[in-house]
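> Would you mind keeping the following structure in view while I ask a few things?
The values are calculated or read from the model by the stated rules, or taken from the named source; none is laboratory data. Only a predicted model underlies this, so the values are computations on that prediction, with no experimental measurement involved. In this analysis, Cβ positions are derived from the backbone assuming ideal geometry, glycine residues included, and neighbour counts consider all displayed protein chains. The accessibility values were calculated without ligands, DNA or RNA, using every heavy atom of the protein model including side chains. Shrake-Rupley method; radii C 1.70, N 1.55, O 1.52, S 1.80 Å.
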Amino acid sequence: MQKVLIIDFGGQYIQLIARVVREHNVYCEILPWTADFERIKAFNADAIIFSGGPHSVYEEGAPKISDKVFELNVPILGICYGMQYLAHTLGGKVDTAPVSEYGKQTVKFTKGRLTHALSKSSVCWMSHTDYISQVPNGFTVVGKTEGCPVAAMENVDKNIYGVQFHPEVKHTVEGRQLIKTFLFDICGLKGDWNIGNFVNESVEALRKKIGNKRVLCALSGGVDSAVAATLIHKAVGKQLICVFVDHGLMRKDEAKEVVRVFGEERGFNLVAVNAEERFLNRLKGVEEPEAKRKIIGEEFIRVFEEQAKKIGTVDFLVQGTIYPDVIESGSATGDTIKSHHNVGGLPSVVQFDEIIEPLRDLFKDEVREVGRALGLPDHIVDRQPFPGPGLAIRVIGDITKEKLDILRDADYIFRSEIAKAGLDKEIWQYFAVLTNSRTVGVIGDHRTYRYTLALRGVTSTDGMTADWARIPFDVLETISNHICNNVKGVGRVVYDITAKPPATIEWE
Ligand code: XMP
């Protein structure tokens, strides 16, 4: 398989570079600049990209890598800091720019190997305070702006290229074309990596690795565990045992759907545990959000442990780890890999030999594509993020079955109407929250005293920050009417217009 290696110099767009390369059907991985040369060499890259980063090449401790990388004889593209690093290392000159460039800038290109397919003048995204004042010997300038004499440079003989702007950012109008030129014209890559191949190769590899051994997977109803399990099931069928713990805190019909899709339709070896009563008993009277989370986490482990004991020792335990959880950050001081357990604590209660992570090389949207390729239904593949503690943190204050049912019905109406209005793709996450406050209303001649339901809809890319979604008033009106008319127990509907920060996405 042809592979591109991206060296992370601490840039904020690192994952975007990888996404753009993969969109061109070329496989790539990211390594931090702190990775030693042996590791870089062992990767056996067909091309290397140096990312941007927040540093100046003159700063003490500025990111750098072994010069031996230039002896690997593979094409190199430096982006922003990556290009400055190339210039600095290869004998050019980097200075503080008299005027920093930030945002959209017009770059004038001359025809070069890297730039031949670009317009003479094109809008590019810049973000730099240093610039190259003199290119190293053998390099030609093939792009400049008014304030930046070297916006693009190349040394065709040595196969080394650099751009000061960010081709991976969509504001760079011809950025994708530039990366395409680098990957295909310059590096001669074929672009033959795709999800279909990934599925076939993974299934083959999983069969080989697992042989006739047993695999255990905690199925949560979420995208990652669903896709991981389906991939393994395709490879080894009934040797995969899935345990699904229904804590009674899922959305309307979700638990039934897991059993239907995986147990009935696909014939998984599925152990579905109805633990609703247990969870609700333990949560009785608990109001504090962190206490709820802790109880749910502990109880989940306990239920799972009981099942695992019945199943006995297995050879592998599946984790739904995906690539963003694995990427080591270039700005980190060491090579610490974030350890991510989407079912935290499980490994300590299951007897197994090895963890298996079939999705660890994929980004979230690639995981969804794999799910689609495996024929999983849209409602599982496109499922919005859903917190592990489920509706327990969307029923404010103490939790009862009655409140959960009210919330489930209202949430279902909200989600259905958003889909009907065609807004389900643009709103990142949307759900209902049952507040702990009851208010007075009137129906016919009767006074009512019912709960206030809050609707939350946010736009976001990663959940770290978010804005409230501008849902049209007429859609909100329809939702409010439907909920008040159909869900007994809700007497008032409000819409949450708080961004994150200062609020969080969930209410608890
Ligand atoms: P907050 O509320 O912190 O949420 O702004 C950010 C994103 O994370 C989800 N979330 C959770 N996911 N376990 C999870 O797996 C949790 O305990 C949890 N709490 C919040 C939330 O839905 C949002 O997408």
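> Given 51, 66, 56, which one is under 28 Å from the mean Cα position of the chain (by Cα) and either open to solvent by less than 50 Å² (accessible area, probe 1.4 Å) or within 16 Å of residue 14 (Cβ to Cβ) (or both)? Explain how you work it out, then say what you get.
Details: 66 fails: under 28 Å from the mean Cα position of the chain (by Cα); 56 fails: under 28 Å from the mean Cα position of the chain (by Cα).
Unique residue meeting the criteria: 51.
> Would it be correct to say that residue 421 is out of contact with any His (no Cβ under 9 Å at 6 or more places or on another chain) and within 16 Å of the ligand (Cβ to nearest atom)? Break it down stepwise before answering.
Details: out of contact with any His (no Cβ under 9 Å at 6 or more places or on another chain): yes; within 16 Å of the ligand (Cβ to nearest atom): no.
Taking the combined requirement at face value, the residue does not satisfy it.
> Can you name every residue in segment 110-134 that is open to solvent by less than 20 Å² (accessible area, probe 1.4 Å) and not in a loop (DSSP other than H, G, I, E, B)?
From segment 110-134, those open to solvent by less than 20 Å² (accessible area, probe 1.4 Å) are 112, 114-115, 118, 122, 124, 126, 128, 130, 132; that's our starting set.
Those that are open to solvent by less than 20 Å² (accessible area, probe 1.4 Å) and not in a loop (DSSP other than H, G, I, E, B): 122, 124, 126, 128, 130, 132.
> Among the residues of segment 278-302, how many are within 14 Å of the ligand (Cβ to nearest atom) and basic (Lys, Arg)?
The total comes to 3.
> Taking segment 454-474 on its own, how many of its residues are away from the ligand (no atom under 16 Å from the Cβ) and either surrounded by 21 or more Cβ atoms within 10 Å (Cβ to Cβ) or of a type in the set (Asp, Glu) (or both)?
Within segment 454-474, the first condition is being away from the ligand (no atom under 16 Å from the Cβ), and the residues that meet it are 470-474.
From what is left, the residues that are either surrounded by 21 or more Cβ atoms within 10 Å (Cβ to Cβ) or of a type in the set (Asp, Glu) (or both) are 474.
Matching residues across segment 454-474 total 1.
> Right, next: Against the definition (open to solvent by less than 20 Å² (accessible area, probe 1.4 Å) and among the hydrophobic types (A, V, I, L, M, F, W, C)), how does residue 151 come out, yes or no?
Working: open to solvent by less than 20 Å² (accessible area, probe 1.4 Å): yes; among the hydrophobic types (A, V, I, L, M, F, W, C): yes.
So residue 151 fits the description; yes.
> Would you please name the residue that is farthest from the chain's Cα centre (by Cα), looking only at residues in segment 424-453 that are surrounded by 14 or more Cβ atoms within 10 Å (Cβ to Cβ) and part of a loop (DSSP other than H, G, I, E, B)?
So, considering only residues that are surrounded by 14 or more Cβ atoms within 10 Å (Cβ to Cβ) and part of a loop (DSSP other than H, G, I, E, B), the one farthest from the chain's Cα centre (by Cα) is 424.
> Something else about it: Scan segment 238-259 for residues that are free of Cβ contacts under 8 Å to residues at least 24 places away in the same chain and open to solvent by less than 50 Å² (accessible area, probe 1.4 Å) and jot them down.
259
> Still on this structure: It is to be established whether one or more residues within segment 483-495 are more than 16 Å from the ligand (Cβ to nearest atom), open to solvent by less than 30 Å² (accessible area, probe 1.4 Å), assigned to a helix (DSSP H, G or I) and in contact (Cβ under 8 Å) with a residue 40 or more places away in the chain.
yes
> Could I ask something else about it? Of the conditions (1) touching a Leu at 6+ places or on another chain (Cβ under 9 Å); (2) without any contact (Cβ under 8 Å) to a residue 60 or more places away in the chain; (3) surrounded by 15 or more Cβ atoms within 10 Å (Cβ to Cβ), residue 88 clears all except one; give me its number.
(1)
> Still on this model: Hey, can you tell me all the residues within segment 401-423 that are under 28 Å from residue 285 (Cβ atoms) and open to solvent by 50 Å² or more (accessible area, probe 1.4 Å)?
Within segment 401-423, 401, 402, 405, 409, 412 meet the criteria.
> Now a separate question. What residue, of 144, 209, is in contact with a Lys or Arg (Cβ under 8 Å, 6 or more places away or on another chain) and either touching a residue at least 12 places away in the same chain (Cβ under 8 Å) or of a type in the set (D, E, K, R) (or both)? Spell out how you get there, then give the answer.
On the way: 209 fails: in contact with a Lys or Arg (Cβ under 8 Å, 6 or more places away or on another chain).
Among 144, 209, only 144 is in contact with a Lys or Arg (Cβ under 8 Å, 6 or more places away or on another chain) and either touching a residue at least 12 places away in the same chain (Cβ under 8 Å) or of a type in the set (D, E, K, R) (or both).
> Could you please find all residues in segment 3-29 being within 17 Å of the chain's Cα centre (by Cα), buried (at least 21 other Cβ atoms within 10 Å of the Cβ) and free of Cβ contacts under 8 Å to residues at least 60 places away in the same chain?
Answer for segment 3-29, where residues must be within 17 Å of the chain's Cα centre (by Cα), buried (at least 21 other Cβ atoms within 10 Å of the Cβ) and free of Cβ contacts under 8 Å to residues at least 60 places away in the same chain: just 28.
> Now, a different point. Could you give every pair whose Cβ atoms fall below 6 Å, whose first residue belongs to segment 260-275 and is closer than 12 Å to residue 376 by Cα, and whose second residue is assigned to a helix (DSSP H, G or I), counting only separations of at least 6 or pairs across chains?
From residues that are closer than 12 Å to residue 376 by Cα, there are no pairs.
> Given the conditions (1) open to solvent by 20 Å² or more (accessible area, probe 1.4 Å); (2) in contact (Cβ under 8 Å) with a residue 12 or more places away in the chain; (3) within 11 Å of the ligand (Cβ to nearest atom), and given that residue 503 satisfies all but one, which numbered condition is not satisfied?
The number of the failed condition is (2).
> Restricting to helices (runs of 4 or more DSSP H) lying wholly in segment 273-344: which have 1 or more residues that are modelled with pLDDT under 90 and not aromatic (Phe, Trp, Tyr)? Show your work before the answer.
Values: elements: 276-283, 289-311, 323-326.
The qualifying helices (runs of 4 or more DSSP H) are 323-326.
> Further, regarding this structure: Step by step: first the residues of segment 350-394, then only those that are within 15 Å of the ligand (Cβ to nearest atom) and touching a strand residue (DSSP E or B) at 6+ places or on another chain (Cβ under 6 Å), then the one that is least open to solvent (accessible area, probe 1.4 Å). Which residue is that?
Going residue by residue through segment 350-394, those that are within 15 Å of the ligand (Cβ to nearest atom) are 364, 382-394.
Okay, now just the ones that are also touching a strand residue (DSSP E or B) at 6+ places or on another chain (Cβ under 6 Å), so 384-385, 394.
Numbers: 384: 27, 385: 53, 394: 3 Å².
Per the stated criteria, the residue is 394.
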